Amino acid sequence: MKLKRILLTLSFLAFVSALLSCWFYYLSLKRSTLKDANYQAEVRVEMLSRHLGSYFSENIKPVKALSRMPPLRNYLESRTRSHLMEANQVLDNYADALGLEAAYLMDLSGITLASSNRKTPESFVGKDFSFRPYFKRGVEGQAVNYLALGVTSMRRGAYCSHPVYSEDGYRILGVVVLKVSIEQVERDRLSGLHEAVFVIDPHGMIFISNRSSYLYTLFNALPSDSVEGLAASRQFGEGPWGWSGFQFNQKGELLDVFGYRYLLNRASVPGFKGWEVLHLRSLSDISELVFAPLIRTTTWVVVMLSACIGALIVVLYRMASLEIRRRVMAEGALRDSEKRYRSIYHHTPAMLHSINREGKLITVSDFWLEWTGYSRPEVIGRPLTDFFTEASRERAETQVLPTFFREGVVRNIPYQFVRRDGSLIDILTSGYGLRNEAGEVERSIAVSVDVTDRNRARRALEAAKEKLSHYSRELEVLVRKRTKEITAIFEHTPALIYVKNPDGTFRLVNTFFEKIFSVTASKVVGLSAHEVLPRRVADQFTTHDQRVIEENRVIQVTEWTPGAKGRLTWLSTKFPFYHEDGSISGICSVSTDVTELQQTQDQLRSLSGSIMASQERERASMARELHDELGQVLTVLRMDAVWLERRLSSGDAEGTTRAASMRQLVDKTIEDVRSMAYRLRPVILDDLGLVAALESLVADFEAHTGVASVCRHTGAYEEREGVSTAVYRIVQEALTNVARHAQACRVDVTLHTGESGLTVTIVDNGAGFDAEEKRHTGFGLTGMTERAALAGGSLSISSELDKGTTITCTIPFLSPLNGERPV
């Protein structure tokens, strides 16, 4: 009995010891499991946040490069179809190459002009996205990353935008945007995870998750005004959004709507202010890692204790074996996790490194080595500051590192790093400290970003701004100087100058204008010409100014104004001013007094006309004398020669021959006299008119030269004495020049008569000449020009070597009130 009690006591003590051992084992295992699970969750959520931040931000450089593509800038400036096709091609290429959901271009009003999804039902073309923050900040000159639900496609996306600048780089023409599918991120990054992962915005909206049922729900309940603000932003549609059901109890534990508890780990998403990655692991799942083997072990212990106290050692051994195998499995899982972590660590496109409390490098990523040019054996174990410049090293050792090991975090610390080849790069470093059980930072995880190009661009921009400022100051001085000079010229020049607005009102007049018209500039500005000047003068100015606007060119005209000693004649040059868009902003007129020159020219023209008229009268008189007097004498002489020839024909052969020769000589002299009289003053011009005279002249020219000649005329010409004579003499001189110099085989003379005047054209296919050179040296050409001018017309000569000559004389029947000269 005593032995039985002893055995029962021992059994009870053994059972209690086993239970206590199991309990303490369970507590130890639970703490260890929770610690491991928490560590793995921290590492996982940190890596997820970095991966997501890197994934969402990787399109910053592509969208910046896309914004500089000429086809986008050209289309925003021109809006032509050809430029639109080029812009669409560039957007298509970027979308295909980067695997984007869409790439599109917006103008400054937020309207989408071109898009890679333009051929799909959810095309963005024509859509107004001006309410989006990525557009608003884009037109302010910022590159923006933005996560939102598409209002057109109703699919989630990560948007990356950048302003499109003009060619000079100062004006923003529009915004280009790249959209990456969020569903692709979930498939690539979250689909293989068993735990719940949420990506929430600053309001707590669950926007990305591997649990689709929680999408578009609020992680935390929000007040109604915050919900209304979220709906107004249209970032996640127009709502309504439900509550996810998650809340914290009094113990600080996270519970879902069913009361299940979760281990929560969170990390900020780099580059997205306020956005966080939440990692939720059910505590019941963690407990299963503890309870499952423990229950199996306890069952075996109870059974073995019930069966035999002696089998306790075997049971304990089995428990130990199970624990060892489980730890081996856990260590294997941990190694796999570390392997995945290292793979991510080394393949992330960022300069990652870790240092210990002594500031020495213990790990660096492959990208870190590739970017700096060092090998891993060269850097591991060396202080990180060995690779900094002297100034950066002193700052890091005296300020940054002590702060980091005290607070456990630093952000965007600028350093200068010395690469292996000796070149310097500017970096921004952010670090996070990993603490030991005592709460001390024992190592770091840090990321460095190369900002050399950005700093160089900033310095270049500052230098450019300083240079531009200096240039602006010099330009202001030069403008003031030139303004004074132009103002002095404007005020003191003896020319009539005014500037008008397109509506015909005066904008500016000079001092000479005030003097001529007895007005003051202050009373003239803002009024039209008819409100200031005499009616006929105002009519002239207004008509000519309107022509400048209608023809959009410079003109030169002759105008008149009343003067103290009679009418003043002005040679006026009128030209338009332009806005930047090419439209006319005003008209300027500069008039020079040519009254004396005009009077002199009129006197010379009158004198020249009198001389030519006298020449024509003298020629007509000489022609009549040759025809009436010398012609009659020669006719009588011919009659005597004929009589003498007949008289001597019967007996004196030699006398007959000489008489015949005399008759022939007289006949030739009569023909020469007739020709001379015809050239001096053709009777046909006075008797039959200009048309018949030209036909006779051309026929006679063809008969004497053998050059094929054609005379054509159109319209009904009424004889005008001065005009008919001038045209005849011009054609006569032109045909003479053809016979002497042209070596032509064909001449065409065309006379066209219209209501307002006549035009005569002489065209030959001869050797041609340099018209500009002959114009100043040929008396014949000068005489033709003067005859045309005296008749109130003009003469133009067009000729090139080996391409013939064209002479055109135009004479208006009604001369204009004021002559115009082409500019």
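The values are calculated or read from the model by the stated rules, or taken from the named source; none is laboratory data. Just so it is clear, the structure is predicted and the values come from calculations on it, not from any experiment. Note: ideal-geometry Cβ built from the backbone for every residue, glycine included; neighbour counts use all protein chains shown. Surface accessibility is based on the protein's heavy atoms, side chains included, excluding ligands, DNA and RNA. Shrake-Rupley method; radii C 1.70, N 1.55, O 1.52, S 1.80 Å.
Values as computed for the structure displayed
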quantity: Cα centroid of the range 142-221 to Cα centroid of the range 479-507, whole Å; calculated: 60
quantity: Rounded Å value of the spacing that divides the Cα centres of the range 544-594 and the range 37-57; calculated: 76
quantity: The range 327-367 - charge dipole about Cα centre, Lys and Arg +1 at Cβ, Asp and Glu -1, debye rounded to 20; calculated: 80
quantity: Partners for K803 among lysines (Cα-Cα distance below 30 Å; same-chain residues under 8 apart left out); calculated: K774
quantity: Exposure of V185 as accessible area (Å², to 10), given a probe of 1.4 Å and all protein chains; calculated: 0
quantity: Modelled FRET efficiency - R0 30 Å, R68 with H346, Cβ distances, 0.05 increments; calculated: 0.40
quantity: Amide H contacts of I355 (H built 1.01 Å from N, under 5 Å, at least 5 apart or other chain); calculated: I362, S444
quantity: Protection proxy ranking, peptides 567-574, 160-167, average beta carbon neighbours within 10 Å, highest first; calculated: 160-167, 567-574
quantity: Accessible-area order (highest first, 1.4 angstrom probe) of the listed residues I60, I445, I324; calculated: I324, I60, I445
quantity: Relative packing of 649-658, 146-155, 227-236, which averages over residues the other C-beta atoms within 10 Å, highest first; calculated: 146-155, 227-236, 649-658
quantity: Most to least packed among 273-283, 410-420, 240-250 [average Cβ atoms within 10 Å]; calculated: 273-283, 410-420, 240-250
quantity: Inter-centroid distance (Cα atoms) of the range 357-401 relative to the range 447-470, Å; calculated: 26
quantity: Estimated FRET transfer efficiency when R0 is 30 angstrom, pair T808-R567 (beta carbons, to 0.05); calculated: 0.35
quantity: Accessible surface of M85 - all protein chains present, 1.4 Å probe, nearest 10 Å²; calculated: 120
quantity: Which of H353, H194, H470 is most accessible, then next, and so on - probe 1.4 Å; calculated: H194, H470, H353
quantity: Cleavage-rule hits (GluC sites (Glu not before Pro)) in the range 392-492: DSSP loop, at most 13 neighbouring Cβ within 10 angstrom; calculated: E437, E440
quantity: Amide hydrogen neighbours beyond the local backbone of A114, cut-off 5 Å, H modeled; calculated: L105
quantity: Heavy-atom surface of the range 45-196, accessible at 1.4 Å and reported per residue (Å²); calculated: 44
quantity: Accessible surface of the range 478-531, 1.4 Å probe, proportion on carbon and sulfur as whole %; calculated: 62
quantity: Three-way shape label, the range 81-142, alpha-carbon gyration tensor, a/c 1.5; calculated: prolate
quantity: Long-range HN-HN contacts of R712 with modeled amide H, under 5 Å; calculated: V749, T750, L751
quantity: Selection from V557, L568, H530, by position along the positive dipole direction of the range 527-590 (Cβ); calculated: L568
quantity: The range 381-422 - percent relative contact order, Cα under 8 Å, separation 6 or more; calculated: 48
quantity: For the range 109-115, 3J(HN,Hα) per residue [Karplus equation, 6.51 cos²θ - 1.76 cosθ + 1.60, θ = phi - 60°, Hz, x = Gly/Pro]; calculated: 9, x, 7, 6, 9, 8, 7
quantity: The range 162-217, accessible surface, carbon-and-sulfur percent (1.4 angstrom probe); calculated: 48
quantity: Total charge dipole magnitude, the range 512-574, about the Cα centre, Cβ charges on Lys, Arg, Asp, Glu only, Debye to nearest 20; calculated: 260
